[in-house]
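See below for the structure under consideration.
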Amino acid sequence: MFETAVEPSTPRLYVGNLSYDAAESDLFDYFAKVGQVKNVDIIRDRRTNRSKGYGFIEMADLETAKQAFTQLNRTDLLGRQIVVSGAKSERQDGRRETSEPSR
């Protein structure tokens, strides 16, 4: 079952259903085909350092994030159909959300 994709309202995107073998460089290169990528962060288990299968991409601006959402959501990356969605906004205490969007 796939997660519900939400149109981006910020340049920050959530990317889910990632291959556990995906590296930050893989995501950077894939999203750079659409536009300028500012930051890539794959979320990893603290104990094992293994990918949790999702991450966040920050694009240069909101327009580029929307283009990436439209062009890359439900496309194949390293043998997995990825989910691209607008990331949740930062929490009130200023820390970034690290949870996945609702399923």
> Inside region 10-103, counting only strands (runs of 3 or more DSSP E) that do not spill past its ends, which hold 3 or more residues that are surrounded by fewer than 19 Cβ atoms within 10 Å (Cβ to Cβ) and at pLDDT 95 or above?
Replying inline: 37-44, 51-59
>> For region 70-83, give me each residue that is hydrophobic (A, V, I, L, M, F, W, C) and under 12 Å from Tyr30 (Cα atoms).
In response: Leu72, Leu77, Leu78, Ile82
> Are there any pairs, at least 6 apart or on different chains, whose C-beta atoms fall under 6 Å, with the first in region 54-76 and small (Gly, Ala, Ser) and the second assigned to a helix (DSSP H, G or I), and if so, which?
Replying inline: Ala68/Phe31
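The values are calculated or read from the model by the stated rules, or taken from the named source; none is laboratory data. Because the structure is a prediction, the values reported are computed rather than measured. Because the Cβ atoms are built from the backbone with ideal geometry, glycine has one as well, and the counts that use them run over all protein chains shown.
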